[in-house]
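Have a look at the structure below before the remarks.
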Amino acid sequence: MSTSTPAPITIDSTTLYAAVDGRMASLGTDEAVLFHDGRSQVMTRDVAHAFGMCRAFLPMPAHVQRIMDAMPTLKGQGAAVQRVLQVLAGQGLMQTDAQFIARFASNGETRQTPVSGVFVAASAKAGELQAMLDALVAHAKRYSLAWPVYVIEGAVDAAGEVEHAQAVAEFVRNSGIKAVHLTRARIENLIGTISSALPSHGNVLRWLLTPVSGSTGAARNLAALLAAGTRMVFLDADTTLPILGHPQAAEGVFADARAMAVQTFDGPDSVRAAGAMLKVDPLQAHLDACGVSLAQAMAREPDATLKPESLQGVVPVRAAWLKPDNRVAFTALGWAGHVPARDPNWVFKLDPAARAGLTATRETYLDNYRIPSAWVGPSRFGIGQAHQLQPLAFDVSQILPCTLPDAPRAMELQVALLRLAHPDSTD
């Protein structure tokens with residue numbers, strides 16, 4: 001148990017401080033003890049209360065003001081409150097932004113698994129798969145495409161499957177890239193083969209892997225199975241390629257909503273025109289981030305440097321995804337174009353700058369307010385924010401959980417299950 005009281009450290013008004021993670025226990029009515037990193041520290045009840053209000057990274061003056069606002073008995077005693085916090089910082093119980101950032105210094109490289117391919121979930125919508133495969137051909141010509149493409153058939157009729165087979169054959173002719181069309185018959189044969197090896201699970205396997213109209217759940221499950229032990233890209237057939245940079249793209253990395261930006265436009269053509277063509281292969285960049293630690297992934301991106309402003313207001317103990325050793329399990333994209341909103345009032349909650357394109361004229365607003373044309377996604381590197389985005393690349397070196405084959409929001413469910421199954425992962 002700590003018994004000595006170190007001298008207060010020197011405090012400046014710009015350094016951010018946050019309380020370290022620990023377990024607080026009562027020692028009666030007037031005292032408490034904090035257990036942290038194999039140590040214990042006894043403090044008065046008031047100090048423990050004040051310490052508990054310092055969990056977020058803030059400048060020391062902001063901590064002092066918050067404590068005085070919350071504890072009326074300390075009104076006008078800012079200097080005394082700051083001296084106590086200085087002592088706690090001197091004891092190592094208040095971490096600085098620099099100390100937190102230093103943990104992200106990358107030490108070595110994790111050996112990544114190979115890339116198995118690009119998996120495309122075909123849909124019943126006429127022409128959609130053809131457009132996706134044409135876009136992949138254009139991507140290969142501009143950048144490269146060094147992996148096979150697997151087209152997983154959805155719940156389509158015979159005519160739709162013939163159309164898809166022709167689209168796949170044309171893709172191979174135009175690109176020279178290997179492509180595998182997983183037709184309904186091939187999926188059925190695969191289910192039969194696996195079920196014969198695991199007869200007690202046959203019914204469950206058939207349920208998980210059989211395509212269902214209106215959902216990509218079965219395709220996601222099949223991709224997770226075929227890509228096990230590798231990295232992969234998964235594309236819905238309606239994903240728009242090429243992948244463009246956000247109009248408001250800037251350097252920086254954030255572990256909260258500050259990574260996200262919304263910008264509305266007067267129509268979908270204006271949305272695409274506002275995006276920037278990326279100099280590096282975006283598919284390769286996403287795959288390169290998968291399967292390594294968060295610290296290693298950030299070290300590979302010059303614009304993803306963690307800075308003090310990235311930590312402002314962040315509560316480390318509540319940001320489980322912001323740990324340097326966490327494995328990057330998947331990456332994600334935002335949306336550009338017509339953005340169907342789950343909340344019909346979301347456009348009215350945007351700030352004036354974000355909704356400026358939508359409200360430029362009365363006609364633009366009336367034409368677009370139900371399904372606005374917008375960019376919605378990260379304008380900076382985001383950590384732990386992909387639950388509100390569209391997953392793109394996955395590290396399947398560890399089990400990627402199955403999702404419901406008939407769920408309309410199968411993607412969101414799979415991401416939620418992945419986070420539960422691998423709490424030491426991030427995105």
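Points to keep in mind about this one:
- Cross-link reach is defined here as a Cα-Cα straight distance under 30 Å, omitting same-chain residues fewer than 8 places apart; for residue 307 the lysines meeting it are 279, 323, 349.
- Amide H contacts under 5 Å for residue 245, placed H, 5+ residues apart: 276, 277, 278
- Percent of Cα-Cα distances greater than 43 Å, calculated over the chain: 26 percent
- Karplus-derived 3J(HN,Hα), 6.51/-1.76/1.60, for each residue of region 56-62, Hz, glycine and proline x: 8, 6, 8, x, 4, x, 5
- 5 angstrom amide H check on residue 31, placed H, neighbours 5+ away: 45
- Residue order, fewest to most beta carbons within 10 Å, for 49, 246, 63, 201: 201, 49, 246, 63
- Based on DSSP H segments of at least four residues, each scored -39500 (n - 2.57), the chain has a per-residue ellipticity at 222 nm of -10000 deg cm²/dmol.
- Globularity index of region 214-255 is 1.65 (Cα radius of gyration / 2.2 N^0.38 Å, N = number of residues).
- The Cβ shell under 13 Å around residue 316 holds other residues with a net charge of +1, Lys and Arg each +1, Asp and Glu each -1.
- Global geometry of region 300-427, whether rounded, prolate or oblate, following the gyration tensor of its Cα atoms and the 1.5 cut on a/c: oblate
- Cβ crowding within 10 Å averaged over residues, with 169-179, 375-385, 398-408 ranked highest first: 375-385, 398-408, 169-179
- Diffusion constant of region 31-107 at 10 °C, which comes from Stokes-Einstein with the Kirkwood Cα-pair radius and 1.306 mPa s, µm²/s: 118 µm²/s
- Kirkwood hydrodynamic radius computed over region 43-178 comes to 20.8 Å, based on all pairs of distinct alpha carbons.
- Antiparallel content of DSSP bridges confined to the chain, in %, to 5: 65 percent
- 3J(HN,Hα) couplings calculated from phi for region 173-181 with the Karplus curve 6.51 cos²θ - 1.76 cosθ + 1.60 (θ = phi - 60°) are, in sequence order, 4, 7, 10, x, 9, 5, 9, 10, 9 Hz; Gly and Pro show x.
- Global geometry of region 102-201, whether rounded, prolate or oblate, following the gyration tensor of its Cα atoms and the 1.5 cut on a/c: oblate
- Around residue 414: net Lys/Arg minus Asp/Glu count, Cβ-Cβ under 15 Å: -2
- In the chain, Cα pairs under 8 Å separated by at least six residues give a relative contact order of 19 percent.
Any read-out appearing in this document is the output of simple, stated calculations on the displayed coordinates, not a laboratory observation. Fair warning: this is a prediction, and the values are worked out from it, not measured in the lab. Neighbour counts are summed over all protein chains in view; Cβ atoms, including those assigned to glycine, are modelled from backbone coordinates with ideal geometry.
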